[in-house]
Amino acid sequence: MRSNGNDHDYVQCGCHNPIWNALKDTLDPDSHSASQPHSAQDLAKELTGESIIFTGGTIYPMRHGNMDERVEALGIHAGDVVASGTLAVVEARMKALGIAYKKQSLGGKTLLPGLVEPHAHIVQSCAMEGWLNLGAIDTENPDEKKNQRLRPVYDWGWLKDTIQSHLPKDNSSWILGHMVDPALMPFEVVPGGQNKLITLQCGSGDVGNLDTIDQQHPMLLISASMHTAYLNTAASEAVFKKTGIQAKNGVLQEGDVLSAIKAIPLKQKLEMLKVFKRLDDYFDKASRRGITLLYDAMMDPMSKRVLTAYFLTHPRNLRIGYAAACDGSADSIKALPRYQPVSREEAKRFYQGSVKLVSDGSNQGLTGYQATKYCCNAASPLGNFNFCDTAQSTPVKIPETYKNLVRNAVETGWPLMIHANGDRAIEFTLQAYEDALQGQSGLEKRHRIEHCSLLTENSLTTMKRLGLSPSFLIGHVGYWGYSFRHAIFDKKAEVMLDLCQSALEQQLKISLHSDCSVTPLGPLRSMEQAVTRKMEGIRDTQQPAQFISDPRKQPILNEAECLTRKQALKAITYDAAWQCHAEGWTGSLQDKNFADFVILEQDPLDEKVPATSIRDIKICETWKGGQRVYLNPGS
């Protein structure tokens, strides 16, 4: 792999966390595992599960992906679904099997299969949770109805005030912040020229100059797309002194971000290594959001060891699948275990379902690889492509390096998840898949394209022909849609961004994901954003105070691409489970499937519930394997 000439070697979004990469080799999960008695392994086993018939509400079993079926009752026993249908049929089935059961009334609530998060980053996200959250998306508000929404004010003034109100009490500590997102701050439209996003730097000016916030403490801020670090002068000097890396105007890109993190004082790095407590919070939030299957989109060996050690002494409140990280080298491909289809027993613990490759960067981070230039000030006008031939920097034809990599990866037999954001990156990825598949369909292995953000009719037709499926980071529409449309891509966003409905019209299976921590865990929020395609954040310098919090007044990005409620719900349940190689045992409440389900206060398919309030529906209970793992205190 060769650098594309833009000051860093490998750009990604949530699929690559520089903080985690800098810290992971310091962890020692094996010592924790060795310290546990052998009996601790028993804690990882499935519990027996209760024997219950649920009735008295709305129940959607979604058997074989059927979104129209509703049943009167659902019977569960020993962690599995026994039967669904009329109450009489379910009772007869339970009695025929000799199962002593109790009845539980739903009290008019709605019972659905457990929600599936098909692309997130577990341990990597937790590595940053001790840092000051400087993101545009409110993820910490105790009021769930204000959670997962953009902050009403997110600009340079807010960033400055927030940091200054959290300055370290001692002079030896650094100011550490993450989720910084200039793409969601006010921007300036320049007719006939390059639009201007706020630029964070140090040493000159006022707006965006980190030295005006604090000059005494070194300051290191990581962007939400995680490929860029912003430093004040004090941090730039400290990094240069320790590593010899020079931060140009206080900005470092991917490869050099690791060096900056290594310059952080030891006591703060040690604090960042307290991963288990953050895993508690992460999994608790997943259960509160109704998630019963979480698929890690880039599991490196250390992350797997950390999770293995964690679950020796912690209950498994959700199922975890993963794609193994592959950096594209011959060694990483050779290190892959022999491919075997996922078994039901394996799914009770960790299971590997695929392999992950990353072709380009982040569109909101201005590093997704494009066929045409960004409409705003970008360090690399076309973005970045990760796998270039020796003589290339901004290839217009697919690099042989990339084609060979995908071919070698497909030959291992493993299903692939390939991150491709920009339209040129997607074009290259489709060409690489076509070369590697050699006329075979990708449906059997469920090869995916992750994010798959900027599409054309031709690219969708090619995906259908090749048997590929897209997983959409639908927060691109909800959170960044306005910036994409008016500052970053112009009309390109209107006609190409997250073409969900067009993908379904091509009979592609789709899923919706968070890429957490790029956007927060929340499948119902993803469902809402796919149904409404509302652009939630309107921020520009012409109208700096304007922020439309009333969803009824928020503009829609490409209304023709809105999903129906049933389509969106299927994309966060059955079809997401299919993409994760899991529909044979979860994602629906078919007989003999795991009893993984959620109970909601309202029915998300009920048109009486405003589409713009789907994310606010209360998740009353989450069940995994017939055991309740979350009970809403207000239920």
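The values are calculated or read from the model by the stated rules, or taken from the named source; none is laboratory data. All of these numbers come straight from a predicted model, not from anything done at the bench. Here Cβ is always computed from backbone atoms with ideal geometry, including for glycine, and neighbour counts include all displayed protein chains.
Some observations on this one:
- Pairs meeting the criteria (first residue in segment 474-495 and more than 20 Å from residue 180 (Cβ to Cβ), second residue assigned to a helix (DSSP H, G or I) and of a type in the set (S, T, N, Q), beta carbons under 7 Å, at least 6 apart or on different chains) are 474/526; 474/529; 477/529.
- Checking the stated criteria, residue 102 turns out to be modelled with pLDDT of 95 or more, out of contact with any helix residue (DSSP H, G or I) (no Cβ under 9 Å at 6 or more places or on another chain) and surrounded by fewer than 23 Cβ atoms within 10 Å (Cβ to Cβ).
- Set 207, 239, 251: member being surrounded by fewer than 19 Cβ atoms within 10 Å (Cβ to Cβ), modelled with pLDDT of 90 or more and hydrophobic (A, V, I, L, M, F, W, C): 207
- Annotation note: of 222, 261, 291, the sole residue that is under 27 Å from the mean Cα position of the chain (by Cα), under 30 Å from residue 604 (Cα atoms) and of a type in the set (A, V, I, L, M) is 291.
- Those helices (runs of 4 or more DSSP H) of segment 212-285 in which 1 or more residues are within 23 Å of residue 368 (Cα to Cα) and in contact with a Ser or Thr (Cβ under 8 Å, 6 or more places away or on another chain) occupy 254-262.
- Reported count of residues in segment 415-450, each being in contact with a helix residue (DSSP H, G or I) (Cβ under 9 Å, 6 or more places away or on another chain), charged (D, E, K, R) and assigned to a helix (DSSP H, G or I), is 4.
- Across segment 455-482, the qualifying residues are those that are among the hydrophobic types (A, V, I, L, M, F, W, C) and touching a Pro at 6+ places or on another chain (Cβ under 9 Å), and the one among them that is surrounded by the fewest Cβ atoms within 10 Å (Cβ to Cβ) is 460.
- Hey, residue 588 surrounded by 24 or more Cβ atoms within 10 Å (Cβ to Cβ) and assigned to a loop (DSSP other than H, G, I, E, B) or not: yes
- Meets criteria (among the charged types (D, E, K, R) and part of a strand (DSSP E or B)) for residue 296: yes
- Across segment 254-266, the qualifying residues are those that are of a type outside the set (A, V, I, L, M, F, W, C) and at pLDDT below 90, and the one among them that is surrounded by the fewest Cβ atoms within 10 Å (Cβ to Cβ) is 262.
- Search result, residues across segment 272-331 that are farther than 24 Å from residue 416 by Cβ, out of contact with any strand residue (DSSP E or B) (no Cβ under 7 Å at 6 or more places or on another chain) and among the basic types (Lys, Arg): 274, 277, 278, 285, 316
- Looking across segment 395-413, the residues that are farther than 19 Å from residue 452 by Cβ and touching a residue at least 40 places away in the same chain (Cβ under 8 Å) come down to 401, 408, 412, 413.
- Selection status of residue 389, in a loop (DSSP other than H, G, I, E, B), under 22 Å from the mean Cα position of the chain (by Cα) and at pLDDT below 95: no
- Of all residue pairs spaced 6 or more apart or on separate chains, those with beta-carbon atoms under 8 Å, a first member in segment 143-171 that is in contact (Cβ under 8 Å) with a residue 24 or more places away in the chain and a second member that is in a loop (DSSP other than H, G, I, E, B) and of a type in the set (Phe, Trp, Tyr) are 150/479; 150/547; 152/547; 153/547; 168/174.
- Residue match in segment 83-93 (condition: surrounded by 15 or more Cβ atoms within 10 Å (Cβ to Cβ) and in a loop (DSSP other than H, G, I, E, B)): no
- Output for segment 77-103, where each listed residue is among the polar types (S, T, N, Q) and closer than 28 Å to residue 347 by Cα: 84
- First in segment 414-436 and more than 14 Å from residue 383 (Cα to Cα), second anywhere and basic (Lys, Arg) and surrounded by 24 or more Cβ atoms within 10 Å (Cβ to Cβ), Cβ under 6 Å, 6 or more apart: 417/356; 417/448
- Positions within segment 304-331 being under 19 Å from residue 359 (Cβ atoms) and part of a loop (DSSP other than H, G, I, E, B), in sequence order: 326, 327, 328, 329
- Note on segment 551-586: residues that are small (Gly, Ala, Ser) and more than 30 Å from residue 152 (Cβ to Cβ) total 4.
- So residue 366, is it surrounded by fewer than 19 Cβ atoms within 10 Å (Cβ to Cβ) and part of a loop (DSSP other than H, G, I, E, B): no
- When residue 573 is tested against the conditions (1) under 25 Å from residue 448 (Cα atoms); (2) among the β-branched types (Val, Ile, Thr); (3) surrounded by fewer than 19 Cβ atoms within 10 Å (Cβ to Cβ), the lone failure is (3).
- Just one of (1) outside any helix (DSSP H, G or I); (2) under 18 Å from the mean Cα position of the chain (by Cα) fails for residue 575. It is (1).
- Of the helices (runs of 4 or more DSSP H) contained entirely in segment 451-564, those carrying at least 3 residues that are in contact with a helix residue (DSSP H, G or I) (Cβ under 6 Å, 6 or more places away or on another chain) fall at 457-466, 500-505, 523-532.
- Some residue of segment 407-416 being within 24 Å of the chain's Cα centre (by Cα), at pLDDT below 90, under 30 Å from residue 629 (Cβ atoms) and not polar (S, T, N, Q): no
- Complete set of residues in segment 336-363 that are touching a Cys at 6+ places or on another chain (Cβ under 8 Å) and part of a loop (DSSP other than H, G, I, E, B): 336, 361, 362
- Considering only residues in segment 327-343 that are touching a residue at least 24 places away in the same chain (Cβ under 8 Å) and farther than 18 Å from residue 118 by Cα, the one that is surrounded by the fewest Cβ atoms within 10 Å (Cβ to Cβ) turns out to be 338.
- Of residues in segment 504-547 being of a type in the set (Val, Ile, Thr) and at pLDDT 90 or above, the one surrounded by the most Cβ atoms within 10 Å (Cβ to Cβ): 518
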